[in-house]
4 protein chains.
Amino acid sequence: MRLLFIGDVVGRAGRIAVVDQLPKLRLAWGLDFVVVNGENAAGGFGVTESICDQFLSAGADCVTLGNHSFDQREALVFIARQPRLIRPVNYPRGTPGKGANLFETATGARVLVVNILGRVFMDPLDDPFAAIERELEACPLGVGCDAAIVDFHGEASSEKQAFGHFVDGRVSLVVGTHTHVPTADYQILRQRTAYMTDAGMTGDYDSVIGMDKEEPLRRFTTKIPASRFEPASGPATLCGVAVELDARGLAAKIAPVRIGGRLTEARPDFW
Amino acid sequence: MRLLFIGDVVGRAGRIAVVDQLPKLRLAWGLDFVVVNGENAAGGFGVTESICDQFLSAGADCVTLGNHSFDQREALVFIARQPRLIRPVNYPRGTPGKGANLFETATGARVLVVNILGRVFMDPLDDPFAAIERELEACPLGVGCDAAIVDFHGEASSEKQAFGHFVDGRVSLVVGTHTHVPTADYQILRQRTAYMTDAGMTGDYDSVIGMDKEEPLRRFTTKIPASRFEPASGPATLCGVAVELDARGLAAKIAPVRIGGRLTEARPDFW
Amino acid sequence: MRLLFIGDVVGRAGRIAVVDQLPKLRLAWGLDFVVVNGENAAGGFGVTESICDQFLSAGADCVTLGNHSFDQREALVFIARQPRLIRPVNYPRGTPGKGANLFETATGARVLVVNILGRVFMDPLDDPFAAIERELEACPLGVGCDAAIVDFHGEASSEKQAFGHFVDGRVSLVVGTHTHVPTADYQILRQRTAYMTDAGMTGDYDSVIGMDKEEPLRRFTTKIPASRFEPASGPATLCGVAVELDARGLAAKIAPVRIGGRLTEARPDFW
Amino acid sequence: MRLLFIGDVVGRAGRIAVVDQLPKLRLAWGLDFVVVNGENAAGGFGVTESICDQFLSAGADCVTLGNHSFDQREALVFIARQPRLIRPVNYPRGTPGKGANLFETATGARVLVVNILGRVFMDPLDDPFAAIERELEACPLGVGCDAAIVDFHGEASSEKQAFGHFVDGRVSLVVGTHTHVPTADYQILRQRTAYMTDAGMTGDYDSVIGMDKEEPLRRFTTKIPASRFEPASGPATLCGVAVELDARGLAAKIAPVRIGGRLTEARPDFW
Ligand SMILES: [Fe+2]
Ligand SMILES: [Fe+2]
Ligand SMILES: [Fe+2]
Ligand SMILES: [Fe+2]
Ligand SMILES: [Fe+2]
Ligand SMILES: [Fe+2]
Ligand SMILES: [Fe+2]
Ligand SMILES: [Fe+2]
């Protein structure tokens, strides 16, 4: 099975990259399943229904979120009728939407996607380690699903790596999001879980994590906000990770993906 | 001028990688100046005089530190007699050692190295932006020095990127350290400063940021420490960034470096 | 029913205050139930079995803990055989000991004690609001118990106050601990829950939160640790809160308690 | 000399308490100098010029601020023409306004007021310990001024207490602000500096730190904001601290002040 995960899409520049590239990649690479993190898609903050639909039309099977899940308040409503949009599983009980869902590919394979928020240097939610334990008990890889993808949305590399090892051999892919910087530590862990600390953002890399530089710089140097953060509008780099799974749903191959914009291009050479 | 920066060396595994590889790289690539971040070199915590000497003998011109600068208390003493070891410049006045120093290469070029601690999600020190302003006023690129390297030791990608833009065109290289994960966002900024959010650690990547997995995993899942953190002992990946400067001391080329261990190899193709 | 809660006992000075004062207070005030927070009783870090026994002998019915619960590793063991020692209820599943327990007073009244850790500016544990909800469902005031005391161990005043309002009318007393400073905002909330943001520590107030001043001052000014923290050894102030409950287990009267040491004395005038 | 410090005035309820009480207190207690922390005076966030004028008319000699200094952007402008409004001294160089100022009382005594932001659990600014050192060097108590008041706006009790000891004997009064809860640890330190960890807010104590309970409770339990924070509108308690200085400008007497609203009344018995 061929998976593509695309990291935090930031604003209009990021959306254009997804809409332009994803249909072609889906076809060219023969992708079976595509996940897009959309927590910054709407002006940098949250996601709207029409943007979510755009991603699904462009070839995404599932859209994940993060700490900005509900910055667009309409997401609190439409998430209930959009099973392909999932929000972090460790939000409090009663939060609209689901934190994990099972999808079927065109060829009938069942793919579990779980979105989880880290807690180190983040707003404290419930234990991400206990949360994944519950999800995997309910739907074990090889039993309840044929592939399992975790979007671990977190700040600290230590927490993300510990989490990767915690589920090693029990999920197909753990990919981090939230720092908006792609990491080069992609690897297949010992028990054959594909791992990458951060997928990077899909946005303009001549920026401060996707945002126009001016206001962040002003805040760092003066400590006084002067205006809202606005997404940077230069050409985006589509960033993510490509994974080929074996028959058991574990990782056979992993490669970073970086297309367009300012970063050095990277594509899987195995497809 | 040819620069190599090597990220946080973690424990014995990391030290072996440096000692094995650096002499060969220095020669093969014709390096003019090499900086090694040594804040985790001694058992994961700080640096001793003999380890610092080892790095210098292996081909480092300068050793930088970070939030673990003085975990080995002998560093408080020997840093005074070792001008090639520098600690973050934004420590309080009166801290032993220097936070910036000017070195001469074999061919007589003057290289300024500044080590700075970020403040987001870190112990609060004085303003890193004001600190670099002072250093660059005292020693401007092209006037007081022929190259200027900043090791920005920080957690948050936003702060590192904002810092990069802040000094764009005024220093040769801003390279982040501390997250222990190499990033793939290396680029030459608009005013020709080489930039990379994190150099990555030089250590065993089958670990939690270089440390044996067991104790970090236990702490994340039980919230109760059971033993000390120990560096992981598998083969290390030497991680860093290679930069070629033009005559003005600004960046002409940049490439990531990853050699050995579990990560995909990367070397500059321009040397 | 007459309750006394005594805040974080710090080191030997704090223990002496408890052992000296508590037997007399118990008698003089005709106390029905006494809780002592013991998380800093052993040299400032954690609690040992013999210290816990000391508090129980001196007149405590229950000893609570906090973020330092298991700094003395023996507590991981003896907490299993000491039902009167409780640790925060929102630790991960599988943590030794209990986070809530039901006790009987001499006159047969049932008192529920719950110890909870806040999450703001603290190590992230599971949701304290969800945790108390579960405990109160299992043992509602007036049904499962005749009095309910919550020791909310937290840093942020906002979280403590929000928690107080959240359980207002459903518990007898919410008292904060952890900041080691007694607050003067004790009051009976609208639905008759007694509330005080922090009980204060029982320790030497010529100190930095109970610790000898020298090392904390050195760390704040130099950012470099030089030695361990040691409890200050001057005379301690016993700090806490006294509450008189009505027949329904809700608060009729509340008063701060400060006895000995440097702080202005305060005692309930209603007993 | 007789000093009164009034803690963070929150919203309209807080302002009414100041305007109603302060003129009477000034007269009744024969106050020589009054400081009001106004960082939350305008709807909970910052201060406007007309509110600042209101405080000065009501009897304040100086208005201090905190982390909310410039939430009302007009403060960035009018602070330049209002020497009686001061903002934290450890903001970056170039911040409008002053962080310390010298005032003269009716009888000709010179009073230094310094406003400082703590860094623990706060946005990181420059070192508060180094900052006070510079101010006291420029204007030592007994030489450059006859009284020195520090409003230390911070979260952590440890940092506030360490700061108090750091300047003990060198200033008249260190009073903390920001937690919005009055503490009962007021005391005269060994070298005769008056100290209180927090003055408490001047606002409605049937609230979450002065704000209407509903939204904070919603955020704590759901982690999703639903509306803006609004100040609670019930009767406020005026909270602060009263200090009598000796001829050298050191503390002779200290007492908490709590007038009106839900908290137990407290007034100095020595005036
Ligand atoms: Fe994001
Ligand atoms: Fe995020
Ligand atoms: Fe490091
Ligand atoms: Fe570090
Ligand atoms: Fe404590
Ligand atoms: Fe504590
Ligand atoms: Fe405030
Ligand atoms: Fe504040």
- Task: State which residue is farthest from B:Asp61 (Cα to Cα) when the search covers only region B:146-157 and only residues that are of a type outside the set (Asp, Glu) and buried (at least 22 other Cβ atoms within 10 Å of the Cβ).
- Result: B:Ser157
- Task: Taking the residues in region C:190-216 that are at the interface with chain D (Cβ under 9 Å from one of its Cβ atoms) and polar (S, T, N, Q) as candidates, determine which candidate is farthest from ligand 4 (Cβ to nearest atom).
- Result: C:Thr197
- Query: Out of curiosity, is B:Pro268 in contact with a helix residue (DSSP H, G or I) (Cβ under 8 Å, 6 or more places away or on another chain), more than 9 Å from chain A (Cβ to nearest Cβ) and either crowded, with 21+ Cβ neighbours inside 10 Å or farther than 20 Å from A:Gln187 by Cα (or both)?
  - Reply: no
- Residues being within 16 Å of ligand 5 (Cβ to nearest atom), part of a loop (DSSP other than H, G, I, E, B) and within 17 Å of C:Ile149 (Cα to Cα) - total across region C:1-21: 2
- May I ask you to verify whether A:Val143 is on the phi < 0 side of the Ramachandran plot and either assigned to a loop (DSSP other than H, G, I, E, B) or out of contact with any helix residue (DSSP H, G or I) (no Cβ under 8 Å at 6 or more places or on another chain) (or both)? yes
- Query: So which residues in region D:50-69 are in contact with a strand residue (DSSP E or B) (Cβ under 6 Å, 6 or more places away or on another chain) and either within 16 Å of ligand 1 (Cβ to nearest atom) or among the small types (Gly, Ala, Ser) (or both)?
  - Reply: D:Gly59, D:Ala60, D:Gly66
- Taking region D:187-208 and keeping only residues that are closer than 16 Å to C:Tyr186 by Cβ and among the aliphatic types (A, V, I, L, M), one is left with D:Met201
- Query: What single numbered condition from (1) among the aromatic types (Phe, Trp, Tyr); (2) more than 7 Å from chain B (Cβ to nearest Cβ); (3) farther than 19 Å from A:Gly7 by Cβ fails to hold for A:Tyr186?
  - Reply: (3)
- If you check C:Leu263 against the conditions, is it surrounded by fewer than 24 Cβ atoms within 10 Å (Cβ to Cβ) and not polar (S, T, N, Q)? yes
- Query: Taking C:Val113, is it touching a residue at least 12 places away in the same chain (Cβ under 8 Å), more than 14 Å from chain A (Cβ to nearest Cβ), crowded, with 19+ Cβ neighbours inside 10 Å and not aromatic (Phe, Trp, Tyr)?
  - Reply: yes
- Query: Looking at this structure, is A:Ile86 free of Cβ contacts under 8 Å to residues at least 60 places away in the same chain, away from every other protein chain (no Cβ under 14 Å), under 19 Å from A:Gly154 (Cβ atoms) and within 16 Å of ligand 1 (Cβ to nearest atom)?
  - Reply: yes
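Yes/no per residue for (1) under 24 Å from C:Phe163 (Cβ atoms); (2) modelled with pLDDT of 95 or more; (3) out of contact with any Pro (no Cβ under 9 Å at 6 or more places or on another chain):
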{"site": "D:Phe152", "(1), (2), (3)": "no, yes, no"}
{"site": "D:His180", "(1), (2), (3)": "yes, yes, yes"}
{"site": "D:Leu189", "(1), (2), (3)": "no, yes, yes"}
{"site": "D:Tyr195", "(1), (2), (3)": "no, yes, yes"}
{"site": "D:Val208", "(1), (2), (3)": "yes, yes, no"}
{"site": "D:Glu214", "(1), (2), (3)": "yes, yes, yes"}
{"site": "D:Thr221", "(1), (2), (3)": "yes, yes, no"}
{"site": "D:Pro235", "(1), (2), (3)": "yes, yes, yes"}
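One line per residue, one yes/no per condition, for (1) farther than 16 Å from C:Thr105 by Cβ; (2) within 16 Å of ligand 7 (Cβ to nearest atom); (3) of a type in the set (Phe, Trp, Tyr); (4) in contact with an Asp or Glu (Cβ under 8 Å, 6 or more places away or on another chain):
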| residue | (1), (2), (3), (4) |
| --- | --- |
| C:Ile6 | yes, no, no, no |
| C:Arg12 | yes, no, no, no |
| C:Leu27 | no, no, no, no |
| C:Glu39 | yes, no, no, yes |
| C:Cys52 | yes, no, no, no |
| C:Phe55 | yes, no, yes, no |
| C:Gly59 | no, no, no, no |
| C:Thr64 | yes, no, no, yes |
- In this structure, is A:Thr179 in contact (Cβ under 8 Å) with a residue 12 or more places away in the chain, within 14 Å of ligand 1 (Cβ to nearest atom) and touching a Leu at 6+ places or on another chain (Cβ under 7 Å)? no
- Message: Need the failing condition index for C:Phe163 against (1) under 26 Å from C:Ala13 (Cβ atoms); (2) within 16 Å of the chain's Cα centre (by Cα), just the number.
- Response: (1)
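Quick grid of which residues meet (1) touching a helix residue (DSSP H, G or I) at 6+ places or on another chain (Cβ under 8 Å); (2) under 29 Å from A:Glu133 (Cβ atoms); (3) not acidic (Asp, Glu):
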{"residue": "A:Gly7", "(1), (2), (3)": "no, yes, yes"}
{"residue": "A:Ala28", "(1), (2), (3)": "no, no, yes"}
{"residue": "A:Ala42", "(1), (2), (3)": "yes, no, yes"}
{"residue": "A:Gly66", "(1), (2), (3)": "no, yes, yes"}
{"residue": "A:Ser69", "(1), (2), (3)": "yes, yes, yes"}
- Query: Just one of the numbered conditions (1) free of Cβ contacts under 8 Å to residues at least 24 places away in the same chain; (2) within 29 Å of A:Gly108 (Cβ to Cβ) is not true of A:Arg190; which one?
  - Reply: (2)
- Message: Can you tell me which residue is farthest from ligand 3 (Cβ to nearest atom) among those in region C:22-50 that are surrounded by 21 or more Cβ atoms within 10 Å (Cβ to Cβ) and assigned to a helix (DSSP H, G or I)?
- Response: C:Leu25
- Message: D:Thr237 - would you say it is farther than 30 Å from A:Gly66 by Cβ, in contact with a Cys (Cβ under 6 Å, 6 or more places away or on another chain) and within 15 Å of ligand 7 (Cβ to nearest atom)?
- Response: no
- Report whether or not D:Pro92 is away from chain B (no Cβ under 14 Å) and surrounded by fewer than 17 Cβ atoms within 10 Å (Cβ to Cβ). no
- Give region C:5-18 a look and list any residue that's surrounded by fewer than 24 Cβ atoms within 10 Å (Cβ to Cβ) and under 17 Å from C:Val241 (Cα atoms), or say none. none
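Results for (1) closer than 29 Å to B:Thr221 by Cα; (2) within 10 Å of another protein chain (Cβ to nearest Cβ); (3) of a type in the set (Lys, Arg); (4) within 16 Å of ligand 3 (Cβ to nearest atom), shown as yes or no for each residue.
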residue: C:Glu133; (1), (2), (3), (4): yes, yes, no, no
residue: C:Leu141; (1), (2), (3), (4): no, no, no, no
residue: C:Glu155; (1), (2), (3), (4): yes, yes, no, no
residue: C:His180; (1), (2), (3), (4): yes, yes, no, no
residue: C:Thr221; (1), (2), (3), (4): no, yes, no, no
- Query: Which residue pairs have Cβ atoms closer than 6 Å, lie 6 or more positions apart in sequence or on different chains, and pair a first residue in region D:62-79 that is over 17 Å from D:Gly11 (Cβ atoms) with a second residue that is among the basic types (Lys, Arg)?
  - Reply: D:Cys62/D:Arg84
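The values are calculated or read from the model by the stated rules, or taken from the named source; none is laboratory data. Nothing here was measured: the structure is a model prediction, and the numbers come from that model. Here Cβ is always computed from backbone atoms with ideal geometry, including for glycine, and neighbour counts include all displayed protein chains.
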